[in-house]
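**Student:** Supplied in structure tokens, the structure appears directly below.
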Amino acid sequence: MTQQQQILFDLDDTLIYCNRYFFRAIHDCTTLIQNWINHPIVTYEKIKTMHSFLDTKLITETGFKSDHFPQSFVDTYLHFNQLISRKTKQTEIDQLWEMGRAVYLHQTEPYPYMQDTLTKLQNDGHELHLYTGGEPNIQWRKIKDMGLESFFNERIHIRQKKNTAALEQILTDLNFQRERTWMIGNSIRNDIVPALSSGIHAIHVLVPEEWSYNIVSVNIEPKGEFITVNGLNEIPAIISKI
């Protein structure tokens, strides 16, 4: 029988869809700003690049806060208005803010094999944890929408900053046995690098389209397993073999 493993799952774009809603909002807001400004030097790509820079800057400074995403659109809009000396309009700011906030209101959708994967691992006797970044009220809505409490119970960890320090604190406070602990997630930055830095196993779940913020180099020698999979359905067999 497989030895019980302690398995930490990421939520957004590991168990449920997330990026697709942000990408749609980025496209829609970028197009809107371009149409409003209507200037030859303010191209779609320049607006999108500036937004990515400003969004990443806000997250790096203070972590995952829901106001960051709409604020990054407003800041992008203000930047280009100032660049060409265009008058700022409050109605346009309000519209960008509303579109940015709307990404947190979408219906929660599971990734393929979410239910089957969690059920299999739970039935095999493994201890499942959910470790997600964001604001508690937003993340809890998604968790309840998907009925994930039945898999994770009280083992749900929500952090505004999701990095090596945050993961290390969880592992230490709850006395995880690192040689049988796994981090499973899509983000190289927030899931994989912290896991490898903390000396636990890591499974990187590839997603169809990744957020540029999540893509960083892995320059850490793994102490345990470091595996990449194309879908959640591959995970139970990997765990059972270790």
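The values are calculated or read from the model by the stated rules, or taken from the named source; none is laboratory data. Just so you know, these numbers come straight off a predicted model, no measurement behind them. Because the Cβ atoms are built from the backbone with ideal geometry, glycine has one as well, and the counts that use them run over all protein chains shown.
**Student:** Taking region 173-202 only, how many residues are in a loop (DSSP other than H, G, I, E, B) and within 19 Å of P222 (Cα to Cα)?
**Tutor:** The total comes to 7.
**Student:** Could I ask something else about it? Are any residues in region 5-28 touching a residue at least 60 places away in the same chain (Cβ under 8 Å) and touching a helix residue (DSSP H, G or I) at 6+ places or on another chain (Cβ under 7 Å), and if so, which ones?
**Tutor:** Q5, Q6, I7, D10, L11, D13, L15, I16, Y21, F22, A25, D28
**Student:** Hey, among K144, K162, which residue is basic (K, R) and out of contact with any helix residue (DSSP H, G or I) (no Cβ under 8 Å at 6 or more places or on another chain)?
**Tutor:** After applying the criteria, what remains is K144.
**Student:** Within 22 Å of the chain's Cα centre (by Cα), outside the structural domain of F152 (by TED's automatic domain parsing) and either farther than 24 Å from R141 by Cβ or of a type in the set (D, E, K, R) (or both), is that true of R24?
**Tutor:** The answer is yes for R24.
**Student:** For region 172-213, what are the residues that are within 18 Å of I158 (Cβ to Cβ) and aromatic (F, W, Y)?
**Tutor:** Within region 172-213, F176 is the sole residue that qualifies.
**Student:** Picking from D75, D10, D94, D67, which residue would you name as being touching an Asp or Glu at 6+ places or on another chain (Cβ under 7 Å) and charged (D, E, K, R)?
**Tutor:** D10
**Student:** Looking only at region 29-80, filter to residues that are touching a residue at least 40 places away in the same chain (Cβ under 8 Å) and exposed (fewer than 14 other Cβ atoms within 10 Å of the Cβ); which one of those is farthest from N163 (Cα to Cα)?
**Tutor:** Among those that are touching a residue at least 40 places away in the same chain (Cβ under 8 Å) and exposed (fewer than 14 other Cβ atoms within 10 Å of the Cβ), it is H39.
**Student:** Here's something else I'd like to know. Between a residue in region 133-151 that is without any contact (Cβ under 8 Å) to a residue 40 or more places away in the chain and any residue that is of a type in the set (S, T, Y), which pairs come within a Cβ distance under 8 Å, given they are 6 or more apart or on different chains?
**Tutor:** These pairs meet every condition: R141/T108; D145/T108; F151/T119.
**Student:** If I go through region 153-170 residue by residue, how many of them are surrounded by 21 or more Cβ atoms within 10 Å (Cβ to Cβ) and under 12 Å from L8 (Cα atoms)? If you could, list the steps in order and put the result at the bottom.
**Tutor:** Filtering region 153-170 down to residues surrounded by 21 or more Cβ atoms within 10 Å (Cβ to Cβ) leaves 162, 167.
Subset that is under 12 Å from L8 (Cα atoms): 167.
Looking only at that region, the number is 1.
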